[in-house]
Amino acid sequence: MPERALPVIAVLATGGTIAGAQADATSAGYKAGTFSVNDLLGAVPQLAGIAEIRAEQVANVGSQNMTHDVWRTLAQRVDTLCQDPSVAGIVITHGTDTLEETAYFLSLVNRHDKTVVLVGAMRPATALGAEGPANLYNAVALARHPDARGRGPLVVMNEDIHYAREIQKIASAGLCAFSSPNRGRAGVMHGGVPNFYSRNATTFGEQSEFSLALLEKTGWPRVDIVYAYANLQADLIDFLASAADGIVLAGVGDGNATDLAIEGLRRAADDGVAVVRSSRTGSGFVARDVEVDDAALGFVAARDLNPQKARILLMLALTVTRDPAALQQIFDRY
Ligand code: SIN
């Protein structure tokens, strides 16, 4: 019997702790994005049994330095690889700090249903008990599995599978640093096999009205985030409003802020800056027209998107419309 060919999985590396190195195996300090994609793959010889890997180094940065330029390159590579019939799935290795943002960005601009899996690690590659190799194995196993298809970009960390829209980094250290606090995990990996709990109602794929082409055509709108706290003044908001196309409020509680700050945001909205209210609490729902009169002020409620994801959706939404009512409809759908 001829041997069956293994599925081809493209691995796009961008850096992060998964590729990080320490001075010694027990110290807390390390440098993210030290090892190359080939080093990462070399640490997981078991991959040779489940996939033919095609590796590319797209970047090698700590993901605190993730940029729109790297997102552009990633989105282009993912688009090309999704159209290559010889490629069964795509894995992106990524730092954990902004992994959720890259995953959500790709979920909005990639219109194909081929599986894309993002993966990182909380422990550097040189640490005692580094979990990167197991995470990478699971990512490749997930990317090649038929059950993963059509769910938008997925993230696998610590044997949990998350949807791009739902995942959040919730702790600065430790293995249990990721959660999908509002709608729950997508599933779990067990023995290299995915077990999905549910089909996500918020997978966009072909239905997404956004694209990299649209971003390039209009220019990438500038959207900034203002973090609310006791005694917040409006001068920072006034300053941002002079430069930004959109402002996301990482508000207290239900996306709220001091009267002074709300008044500053109202001025910004009157001047044509899109204003979206999100919450700094880490989970829950920002309701429209409850504590803040969005309709009267021209604001948009982010619903259950956290501020960093609301920033991405607003940036893309501004390539389509600047009308607050139409922006609200987009936030209601995505
Ligand atoms: C980073 O995001 O690149 C550093 C932190 C990590 O990957 O865990």
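Restricting attention to the stretch 235-275, the residues that are closer than 22 Å to Val290 by Cα, aliphatic (A, V, I, L, M) and free of Cβ contacts under 8 Å to residues at least 60 places away in the same chain total 14. Restricting attention to the stretch 249-285, the residues being in a helix (DSSP H, G or I) and within 27 Å of Gly219 (Cα to Cα) number 7. Selection of the stretch 58-99 for residues being part of a loop (DSSP other than H, G, I, E, B) and either more than 16 Å from the ligand (Cβ to nearest atom) or hydroxyl-bearing (Ser, Thr, Tyr) (or both) yields Thr67, Gln83, Asp84, Pro85, Ser86, Val87, Ala88, Thr96, Thr98.
Filter the stretch 115-126 down to the residues that are open to solvent by less than 20 Å² (accessible area, probe 1.4 Å) and more than 11 Å from the ligand (Cβ to nearest atom), then identify the one that is nearest to Val61 (Cα to Cα). Don't jump to the end; show me each part of the working.
Step one: list which residues in the stretch 115-126 are open to solvent by less than 20 Å² (accessible area, probe 1.4 Å), which gives 115-121, 124.
From what's left, more than 11 Å from the ligand (Cβ to nearest atom): 115-118.
Details: Thr115: 24, Val116: 20, Val117: 18, Leu118: 15 Å.
Once the filter is applied, the top-ranked residue is Leu118.
Residues of the stretch 180-189 that are open to solvent by 30 Å² or more (accessible area, probe 1.4 Å) and of a type in the set (Ser, Thr, Tyr): none at all.
For the stretch 200-248, the tally of residues that are part of a loop (DSSP other than H, G, I, E, B) and either among the acidic types (Asp, Glu) or surrounded by fewer than 11 Cβ atoms within 10 Å (Cβ to Cβ) (or both) stands at 8.
When the stretch 14-40 is examined, which residues are found to be part of a loop (DSSP other than H, G, I, E, B) and not hydroxyl-bearing (Ser, Thr, Tyr)? Selection gives Gly16, Gly20, Gln22, Ala23, Asp24, Ala25, Ala28, Gly29, Ala32, Gly33, Phe35.
Each residue in the stretch 1-35 was checked for being in contact with a Gly (Cβ under 8 Å, 6 or more places away or on another chain), more than 16 Å from the ligand (Cβ to nearest atom) and either among the basic types (Lys, Arg) or in contact (Cβ under 8 Å) with a residue 60 or more places away in the chain (or both), and 3 pass.
Inspect the stretch 155-175 for any residue being more than 27 Å from Asp24 (Cα to Cα), open to solvent by less than 10 Å² (accessible area, probe 1.4 Å), in contact with a His (Cβ under 8 Å, 6 or more places away or on another chain) and not β-branched (Val, Ile, Thr) and give the result as yes or no. No: the stretch 155-175 contains no residue that is more than 27 Å from Asp24 (Cα to Cα), open to solvent by less than 10 Å² (accessible area, probe 1.4 Å), in contact with a His (Cβ under 8 Å, 6 or more places away or on another chain) and not β-branched (Val, Ile, Thr).
Among the numbered conditions (1) modelled with pLDDT under 95; (2) within 21 Å of Ile312 (Cβ to Cβ), the only one that Val61 does not meet is (1).
The values are calculated or read from the model by the stated rules, or taken from the named source; none is laboratory data. Keep in mind the model is a prediction, meaning the values are calculated, not measured. Cβ coordinates were reconstructed from backbone atoms using ideal geometry, including for glycine residues, and neighbour counts include every protein chain displayed. When the accessible area is computed, the model is the full protein with side chains, heavy atoms only, and any ligands, DNA or RNA have been set aside. Shrake-Rupley method; radii C 1.70, N 1.55, O 1.52, S 1.80 Å.
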